[in-house]
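Everything below concerns the one structure shown next.
The values are calculated or read from the model by the stated rules, or taken from the named source; none is laboratory data. Bear in mind the structure is a predicted one, so any value in this text is a computation, not a measurement. Positions of Cβ are generated from backbone atoms using ideal geometry, with glycine treated the same way; all protein chains shown enter the neighbour counts. The protein model used for the area step is the full one, side chains on, heavy atoms only, and it has no ligands, DNA or RNA in it. Shrake-Rupley method; radii C 1.70, N 1.55, O 1.52, S 1.80 Å.
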Amino acid sequence: MTEFKVKDVLLAKQGILSIEWASKHMPVLNQIRHQFEKEKPLAHTMIGACLHVTKETAVLVEALTAGGADVALCGSNPLSTQDEVAAALAEKGINVYAWRGETTEEYYWCVNKVIDHKPMITLDDGADLVSTIHMKRIGALEGVRGGTEETTTGVIRLRAMEKDGALKYPIIAVNDAYTKYLFDNRYGTGQSTIDGIMRTTNVLLAGKNFVVCGYGWCGRGLAWRAKGMGASVIVAEVDPVRALEAVMDGFRVMPMDKASAIGDIFVTTTGDISVIRKEHMLKMKDGAILANSGHFNVEISIPDLDSISSFKRTIRCNLEEYRLQDERKLYLLAQGRLVNLAAAEGHPSEVMDMSFANQALCVEHLTKKEKMKPKVYSVPKEIDELVAKLKLTAIGVEIDKLTEEQKKYIATWEAGTV
Ligand SMILES: NC(=O)c1ccc[n+]([C@@H]2O[C@H](COP(=O)([O-])OP(=O)(O)OC[C@H]3O[C@@H](n4cnc5c(N)ncnc54)[C@H](O)[C@@H]3O)[C@@H](O)[C@H]2O)c1
């Protein structure tokens, strides 16, 4: 019997339309779904998923259930659930526990409800499901065959668990597939972060000093898109190689200490803690806008912002004004939670098509393989390449093939200068 807790089941009609719209832009995942429908590789598999409950996630859930799986789903962030999608999933018979605006307590209640379904495979985005099972629900470990992880921060946490000898089942790091991070983190986060800022503030980007903290895959995607819209982009980094890349990509690079005095808009994409803190906030211009697109809401220190503010008010949805003691005002978007999901709709369906195709194929891989050791695994190369091939075909792009001569040439060490 389906069990669920969502904001309002009456939103299901709109949710179904939104899922249809996403599905239309996810040809690779649809192809996998058709295959799953025929072969039922996930029959008798209970999947527990802690993912952003978006229209694209719903398309993934449909693919998994087409393969024969039962799915229990909760959100992977208290502010990212699309309530109409959660309602539609409940109507479609999925065990879904998610609504926008969960408290921390409610968030973990939902995670625990998913664990109550005794998942055999876990799908995580940020590793909250895996860590809850390992720390609070160890009884559930016995039935888990393996899992997947969607994001950089989750993979970092899982590798730390592996290093400590704490990880008790195998996890495939979907984030680290080329067909994931090169597109999802770069183009997906890049575009949808701008979308979140636009929907919340509608400020003009052209001519603004736009500070990107962290020039990783998300950060560079964002920097390039902000530049494309006419912003003057400044990058803050701690990694010398990435800082150098940013310089050669044409961006100004400087420490936050300096950037904080000249930035108009600041976005963190580091996966790190307290990247923007009191000492930076105290230097910021009146009206500066602060947003985060990294996984957790710790990149902008909200305790610091609270401590230097004399007054706080909500200007509009997802936009909080903080008045400092000297009357300057700073604006925080989406409570410092990932702005692209909390204030917009997350990544476009076209990129989630590839990320979730990897997810679906990795779940199938976990069910097919002999028991794997409890480690963090890369996405098998065949899956990564298959996703790229299917995407190219779907968008009507043909590529060359190596000739026999070329295959031989690149495999030899004897041929040199001619
Ligand atoms: N918003 C989304 O939808 C979304 C999508 C994918 C990933 N993410 C999250 O975004 C974050 C970044 O992911 P990524 O794939 O770009 O990671 P990444 O490892 O490629 O990049 C992070 C960068 O931040 C830099 N950095 C770390 N600490 C810093 C500091 N104190 N100041 C300045 N730079 C610092 C690192 O040197 C690195 O270059 C992670 O938390 C990830 O989980 C969010």
Please list 93-102, 274-283 highest first by mean number of surrounding beta-carbon atoms within 10 Å per residue.
93-102, 274-283
Give the calculated FRET efficiency between residue 104 and residue 317 to the nearest 0.05, with a Förster radius of 30 Å applied to their Cβ-Cβ distance.
0.90
Determine the alpha carbon to alpha carbon distance for each of 258/329; 13/40; 136/168 and list only those over 23 Å.
13/40
Computed label-point distance, nm, for sites residue 371 and residue 274 using a 7 Å Cα→Cβ extension:
4.4
Accessible solvent surface per residue of the chain, calculated while the other protein chains remain in place, 1.4 angstrom probe, Å²
46
For 69-81, 368-380, 167-179, ranked highest to lowest by mean beta-carbon neighbours within 10 Å, the order is 69-81, 167-179, 368-380
Please compute the contact order of region 195-332 in relative form: average sequence separation of alpha-carbon pairs under 8 Å and at least six residues apart, divided by the residue count, as a percent.
20
With θ set to phi - 60° and the Karplus curve 6.51 cos²θ - 1.76 cosθ + 1.60, what are the ³J(HN,Hα) couplings of region 407-418 in order, to the nearest whole Hz, using x for Gly and Pro?
4, 5, 4, 7, 9, 9, 9, 7, 6, x, 4, 10
Given Cβ point charges of +1 (Lys, Arg) and -1 (Asp, Glu) and nothing else, what value in debye, to the nearest 20, does the dipole of region 246-342 about its Cα centre take?
200
Output wanted: per-residue J couplings in Hz (rounded whole) for region 317-326, from phi through Karplus 6.51 cos²θ - 1.76 cosθ + 1.60, θ = phi - 60°, x for Gly and Pro.
3, 6, 10, 10, 9, 10, 9, 7, 4, 8
Say each of residue 415 and residue 34 gets a label point 7 Å from the Cα, pointing the same way as Cα to Cβ; how far apart are those two points in nm?
3.9
Please compute the length gained on full extension between residue 404 and residue 306, using 0.36 nm multiplied by the number of residues separating them and subtracting their Cα-Cα distance.
28.7 nm
Can you figure out the FRET efficiency of residue 285 with residue 136, using R₀ = 41 Å and their beta-carbon distance, to the nearest 0.05?
0.40
Spin-label pair residue 9/residue 160, simplified geometry with 7 Å Cα→Cβ offset, distance in nm:
4.1
What residues qualify as long-range amide H neighbours of residue 299, i.e. H under 5 Å apart, gap of 5 or more or another chain, H built at 1.01 Å from N?
274
Counting only protein heavy atoms and using a 1.4 Å probe, what share of the accessible area of the chain belongs to carbon plus sulfur, as a whole percent?
54
Residue by residue through region 243-258, what is 3J(HN,Hα) from phi via Karplus (6.51 cos²θ - 1.76 cosθ + 1.60, θ = phi - 60°)? Round to whole Hz and write x for glycine and proline.
4, 5, 4, 4, 4, 6, 7, x, 9, 6, 10, 7, x, 4, 3, 7
Magnitude of the Cβ-charge dipole (Lys and Arg +1, Asp and Glu -1) of region 111-211 about the Cα centre, nearest 20 debye, reported as 120
If R0 is 22 Å, what FRET efficiency do you get for residue 258 and residue 326 from their C-beta distance, rounded to 0.05?
0.60
Considering amide H positions built from the backbone, and no H for Pro or chain starts, which residues 5 or more places from residue 211, or on another chain, come under 5 Å of its amide H?
234, 264, 265, 266, 267
Run the dipole for the chain about the Cα centre, Lys and Arg Cβ at +1, Asp and Glu Cβ at -1, nothing else charged, and hand back the magnitude in debye, nearest 20.
260
Specify which residue in the list 354, 60, 111 is farthest towards the positive end of the charge dipole of the chain, using unit charges on the beta carbon of Lys, Arg (+1) and Asp, Glu (-1), about the Cα centre.
111
Taking C-beta distances below 4.7 angstrom as the pairing criterion, name the unpartnered cysteines of the chain, in sequence order.
50, 213, 218, 317, 362
Expected 222 nm ellipticity per residue - DSSP helices of 4 or more, -39500 (n - 2.57), all of the chain, to 500:
-12500 deg cm²/dmol
